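Novice: Have a look at this one before I ask anything.
The values are calculated or read from the model by the stated rules, or taken from the named source; none is laboratory data. Please read all numbers here as calculations on a predicted model, not as lab measurements. Don't worry about glycine lacking a Cβ; one is built from the backbone with ideal geometry, like all the others, and counts go over all protein chains shown. Each accessible area value is taken on the protein alone, full model and side chains, heavy atoms only, with ligands, DNA and RNA left out. Shrake-Rupley method; radii C 1.70, N 1.55, O 1.52, S 1.80 Å.
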Amino acid sequence: MPIPHWITRVNRSVTNPVMGLFSDRVPPLATLHHVGRTSGRRYRTPVMAFRTPRGVVIALTYGPDVQWLHNIDATGGARLVRAGQVLVLDDPVRLRGDAGTRLVPAPVRAALRVLHVDEFVELAVVGSASGTAHRDA
């Protein structure tokens, strides 16, 4: 079972704004920039993103029913700021079990097992912008 949804509300109002202050620069933290599928509003969501041969993988620690994932599915992509670099992401692919866990480092794998997280999304990196990342990546 992924992390309970009530924690999502706490994280959205307390933890995410604090993490957003440094998630652009401190891997494996990253900031996912996505657009609301109905509102068109821009959102910034701190995540833990790990590089893969195809692009990046993000563990779905709250399960697959999260707004940022629905937004990415609807638009087909997003931008991710990781270690100060802006990555353009596309082609989200859902992964379960070993297909996803093998893409994250061993210590993270162990933590995800304890949390019973076995769902992931992998996105292809289709471009990048060098230099300093801006808040509106």
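Novice: Residues in the stretch 35-51: is at least one among the polar types (S, T, N, Q) and in contact (Cβ under 8 Å) with a residue 40 or more places away in the chain?
Specialist: no
Novice: Of the numbered conditions (1) open to solvent by 20 Å² or more (accessible area, probe 1.4 Å); (2) modelled with pLDDT under 95, Arg79 fails exactly one; give the number of that condition.
Specialist: The one condition Arg79 does not meet is (2).
Novice: Ok, one more. Quick check: is even one residue across the stretch 106-123 of a type outside the set (D, E, K, R), buried (at least 17 other Cβ atoms within 10 Å of the Cβ) and within 19 Å of Arg25 (Cα to Cα)?
Specialist: no
Novice: Give just the number: which of (1) open to solvent by 40 Å² or more (accessible area, probe 1.4 Å); (2) outside any strand (DSSP E or B); (3) modelled with pLDDT of 85 or more does Arg94 not satisfy?
Specialist: Here Arg94 clears every test but (2).
Novice: Can you name the residue in the stretch 31-61 that is assigned to a strand (DSSP E or B) and charged (D, E, K, R) and is also least open to solvent (accessible area, probe 1.4 Å) among such residues?
Specialist: Arg44
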